[in-house]
Structures are given as C-alpha cells and as structure tokens.
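Notes follow once the structure below has been shown.
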Amino acid sequence: MNKQTKTISILGATGSVGQSTLDLVRRNAGNFRVVALTAYSKVQELAADARAFGAELAVIGDVRLLPALKEALEGSGIEAAAGPSGLIEAAGRDADIVMAAIVGAAGLEPTLAAVRRGATVALANKECLVCAGDLMMHEVQIHGATLLPVDSEHNAIFQVFEFEEQKAVERIILTASGGPFRSAGIDTLRSVTPAQAVAHPNWDMGAKISVDSATMMNKGLEMIEAYHLFPVRRDQIDVLVHPQSVIHSMVEYVDGSTLAQLGSPDMRTPIAYCLAWPGRMAAPVKRLRLEEIGQLSFEAPDLERFQCLALAMAALKEGGAAPAVLNAANEVAVEAFLNQRLAFLNIGAVVQETLAACDMKAPQSLQSVMAIDGEARRVARAFADRLADKC
Ligand code: NAD
Ligand code: MG
C-alpha cells in the first residue's frame, strides 16, 4: 500500500451516492483501498462490488438476506454480516474515510458509530443531521471526528466559507433547482405520479431524495443540515431557486462579496472533494462551459405551492424535536407516495398534521431521538392511512 493510499468504507454502497463513490475509487484504484461496503437488500450487487473492490467486509441491512449474502461471497474470503449491528460494525472498522450514504434516519446509528471512533466522515445522509443534529455535532466535537459535507450545496459552502473569518459571514444562500414541478400549477401537482416526481431535470438521484426535490422538502432539510454544519444563525440561511443547478450555493460577506462554487450537476465533484480533502483529485465530470449554458436565472421560492419547504423552515425556527418529527413524517409520507398510496400534495399534509400532533421537547440522547422518530412515524402512518382513502 503506497503512502498516498486511503482506506474507505461506504455505507449505502448500492445507492446513487455509493455508486458514484465507487466509480471514483475505481478510477483512482491506486489511491484507495475498500474496507467495508453495505447495502439494504441488493445482495448480488453488494457481493459483486465487494469482490471487485476486494473489500474485507460486506454487510446487508435486511437480516433475512444474510444466508444469500454468504452464498454470494463463498470462496472470496470476504466477511459477511447483517442487520443494524452489522452496519455499526462496518462503520466502526478502521478506515480513513467513511462515506455515509444510507438514505433516511436509518443512517443515524451507523454514522454515529463512525463519528465515535473519530473518523473522517463524508456525510451524504442529511437526514441524520436533521433528526439528531445537536447530538451528532456534539459527538463530532468530543471524539475529534471530521465531518465533510457531500451534499452539493453544503460542499459548495464548505469550499468558500472562510472559517477563520466567520463573523464576516452575513448569509449563506442555498440554491435549489426547484425540481420537476418548479413552474407547475397546483392542479397539475394534485395528480402527479411517482414516475414524474422522480424524474429530476438536472440530477440523477435515489427515489426518496428525488421526491424530496419535487416537494422542495429537500431544500428545507438542507437548511437544517446547513444550520448544524456551519457557524451561522438560523436567520442567516436563505434559499434561492436557480433552475440550471450551475451555482451550487453561495456565501455572502459583510464587505458585499458573494463567493460561490460552480460546476456541472454531477455528484462526483463534491464526492471527489471529500475523498481528496484537504487536497483535490481528478473527477471525470462534464466541464462547465458557461458559453454553452448562456444564461443563469434565479427566482424566490414559492412557499405556497411548496408547503414542505415552508414546514421545514418553521421546524428549523422552532428547533427542539420539530426537525426530527418533520423528517420522520416526511419519510413515511414519501414512501406512501412512492407506493401510490398517497397523493403528492398529501405529503405536506401528513407532515403538517404530524408536526401538530407530536410533542416538541428537544431530544437529549440518541434514545430520545429514536423515541421521537418512532412516535412520529406511528402518527404519520395513521394520517397517511386516513388520507389514502381519499387518494
Ligand atoms: P439511494 O436510495 O440511491 O441509496 C440508498 C442506499 O442506502 C442504498 O445503498 C440502500 O441499500 C441503503 N439503505 C436504504 N435503506 C437502508 C436501511 N434501512 N438500512 C441500511 N441501508 C439502507 O439514495 P441516494 O440518492 O444515494 O442518497 C443517499 C443519501 O445521500 C440520502 O440521505 C440523500 O439525501 C443524500 N444525498 C444524495 C444525493 C444524490 O445525488 N443522490 C445528493 C445529496 C445528498
Ligand atoms: Mg443537495
């Protein structure tokens, strides 16, 4: 192993971010060695990647699939494990970088396990900061872990945020594409299908985040994520709709300067930035040719049509348990929508009703985060079932 070689584990290796990460590892094979890979249910894909990248450990989230994983890995010498404890083991294995790319609150405990051993964590899993941001950032601090933002907006801000001059920062501005329904009327929104909602105009992503982009809940989750990642107040975080997804976010300073990071909408740029940090590495993304793009445009977000963004803004302002409740209700509602049991506009309705029904006391421990998450899911499921009858 040469001196430059970094070891890496990927949680959520079969997903969109996980596969983009493996693509970069494959293209820079001499610089990385894979320790552990995890997935929830795609046994064959997981086993094939574990073999191809010479992983030490492969973990499948669904415990019922452990025998199938063992069979798929037979003769390879790769260890197999399953379930929540297996995911935690993968995160806890000694590796220089852990890519946290599980979707949803399911990624919280494995990500925390990596943080608790003081790892460098490339964080894609925004939901874990939304539901347990204070706790996560406290653990990062006491264990001396390093959190590198993978989410393209936060990665952009990270690249242009002058941490030594943080008092000179006036505002951070998260850009949003506006998703596939940016200019759709409310009547159109009433009848959109999952296939239409996951067809994002600029980014190729997993199903859940694609729906979040279509409702603009994604931008709300990102505001909460930004609040935890950067030393700014809640009222210093703004959203600007920018349909071309060229400017990935901006930081405005007291002297009137606004610094931005630009690039083609390809997650391999922010992922490469995290993998090579504090240096840089080559990534095979389409180079930005502004003369071909011609024009960049901007508009304010419409908080009436995009109720989910308004709800997330309110949850950020309220703090306490509100972001965790918002996140859990949204996960339940998005799943119901993807399973065609809930209308698109009812995603916001389920989140709103769950927020109104749940206790908002701030969680003090991982256990209380889990309890809030569990209760919010139960309440949200009941609302979703009720609304499903009217779908
Ligand atoms: P995805 O659905 O494509 O992949 C999710 C991965 O997590 C898969 O490997 C899946 O097997 C695993 N997984 C799902 N449920 C699990 C569970 N209960 N236990 C264990 N593993 C589980 O999602 P994605 O688009 O790659 O997004 C991953 C995370 O990164 C999300 O939090 C998302 O918000 C964030 N993110 C994604 C993008 C993107 O471009 N895709 C951009 C920014 C941030
Ligand atoms: Mg993003």
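Looking at the structure I just gave you, is residue 142 away from ligand 1 (no atom under 13 Å from the Cβ), surrounded by fewer than 23 Cβ atoms within 10 Å (Cβ to Cβ) and of a type in the set (A, V, I, L, M)? Quick ask: steps written out before the conclusion?
Numbers: away from ligand 1 (no atom under 13 Å from the Cβ): yes; surrounded by fewer than 23 Cβ atoms within 10 Å (Cβ to Cβ): yes; of a type in the set (A, V, I, L, M): yes.
Against the criterion (away from ligand 1 (no atom under 13 Å from the Cβ), surrounded by fewer than 23 Cβ atoms within 10 Å (Cβ to Cβ) and of a type in the set (A, V, I, L, M)), residue 142 qualifies.
Can you tell me which residue in the stretch 211-249 is surrounded by the fewest Cβ atoms within 10 Å (Cβ to Cβ), limited to those that are under 18 Å from residue 325 (Cα atoms) and of a type in the set (Ser, Thr, Tyr)?
Going through the qualifying residues, I end up with 227.
Just for the stretch 207-234: of the residues that are farther than 18 Å from residue 157 by Cβ, among the aliphatic types (A, V, I, L, M) and out of contact with any strand residue (DSSP E or B) (no Cβ under 7 Å at 6 or more places or on another chain), which one is nearest to ligand 1 (Cβ to nearest atom)?
209
Which residues, taken from the stretch 49-93, are more than 14 Å from ligand 1 (Cβ to nearest atom) and under 21 Å from the mean Cα position of the chain (by Cα)?
Scanning the stretch 49-93 gives a single hit, 92.
For the stretch 176-190, enumerate the residues that are closer than 22 Å to residue 224 by Cα and either away from ligand 1 (no atom under 16 Å from the Cβ) or part of a loop (DSSP other than H, G, I, E, B) (or both).
Selection gives 177, 178, 179, 182.
Residues being closer than 23 Å to residue 247 by Cα, assigned to a helix (DSSP H, G or I) and either among the aliphatic types (A, V, I, L, M) or within 15 Å of ligand 2 (Cβ to nearest atom) (or both): count how many of those fall in the stretch 128-164. If you could, list the steps in order and put the result at the bottom.
In the first step, residues of the stretch 128-164 are kept if they are closer than 23 Å to residue 247 by Cα; the result is 147-163.
Keeping just the survivors that are assigned to a helix (DSSP H, G or I) gives 152-160, 163.
Restricting the remaining residues to those that are either among the aliphatic types (A, V, I, L, M) or within 15 Å of ligand 2 (Cβ to nearest atom) (or both) gives 152-160.
Number satisfying all stated conditions: 9.
For the stretch 1-91, which strands (runs of 3 or more DSSP E) that fit wholly inside it have 2 or more residues that are of a type in the set (S, T, N, Q) and at pLDDT 95 or above?
Numbers: elements: 6-11, 32-39, 57-60, 79-82.
Here the list reads 6-11.
Does residue 173 satisfy the condition of being more than 13 Å from ligand 1 (Cβ to nearest atom) and closer than 16 Å to residue 344 by Cβ? Reasoning before the result, please.
Numbers: more than 13 Å from ligand 1 (Cβ to nearest atom): yes; closer than 16 Å to residue 344 by Cβ: no.
Here the answer is no, as residue 173 does not meet what is asked.
Of 20, 76, 85, which residue is polar (S, T, N, Q), closer than 28 Å to residue 129 by Cβ and either surrounded by fewer than 20 Cβ atoms within 10 Å (Cβ to Cβ) or free of Cβ contacts under 8 Å to residues at least 24 places away in the same chain (or both)?
Selected residue: 85, the only one of 20, 76, 85 that is polar (S, T, N, Q), closer than 28 Å to residue 129 by Cβ and either surrounded by fewer than 20 Cβ atoms within 10 Å (Cβ to Cβ) or free of Cβ contacts under 8 Å to residues at least 24 places away in the same chain (or both).
Checking residue 258 against (1) surrounded by 17 or more Cβ atoms within 10 Å (Cβ to Cβ); (2) away from ligand 1 (no atom under 16 Å from the Cβ), only one condition comes out false. Which one?
Checking residue 258 against (1) surrounded by 17 or more Cβ atoms within 10 Å (Cβ to Cβ); (2) away from ligand 1 (no atom under 16 Å from the Cβ), the one that fails is (1).
Just the residues that are modelled with pLDDT of 95 or more and crowded, with 21+ Cβ neighbours inside 10 Å, please, taken from the stretch 350-372.
Selection gives 350, 351, 354, 355, 369, 372.
Looking at this structure, is residue 183 surrounded by 19 or more Cβ atoms within 10 Å (Cβ to Cβ) and of a type in the set (Ser, Thr, Tyr)?
Considered against the rule, which asks whether it is surrounded by 19 or more Cβ atoms within 10 Å (Cβ to Cβ) and of a type in the set (Ser, Thr, Tyr), residue 183 comes out as no.
Which pairs have Cβ atoms under 7 Å, sit 6 or more apart or on different chains, and link a residue in the stretch 195-218 that is over 16 Å from residue 126 (Cα atoms) to one that is within 13 Å of ligand 2 (Cβ to nearest atom) and part of a loop (DSSP other than H, G, I, E, B)?
200/179; 201/177; 202/177; 202/245; 202/265; 203/245; 203/265; 214/179
Considering only the stretch 27-73, state which residues are buried (at least 17 other Cβ atoms within 10 Å of the Cβ) and of a type in the set (Val, Ile, Thr).
Within the stretch 27-73, 34, 35, 38, 43, 59, 60 qualify.
The values are calculated or read from the model by the stated rules, or taken from the named source; none is laboratory data. As the structure is a prediction and not an experimental result, all values here were calculated from the model. Heads up, the Cβs are rebuilt from the backbone with ideal geometry, glycines too, and the neighbour counts pull from every protein chain shown.
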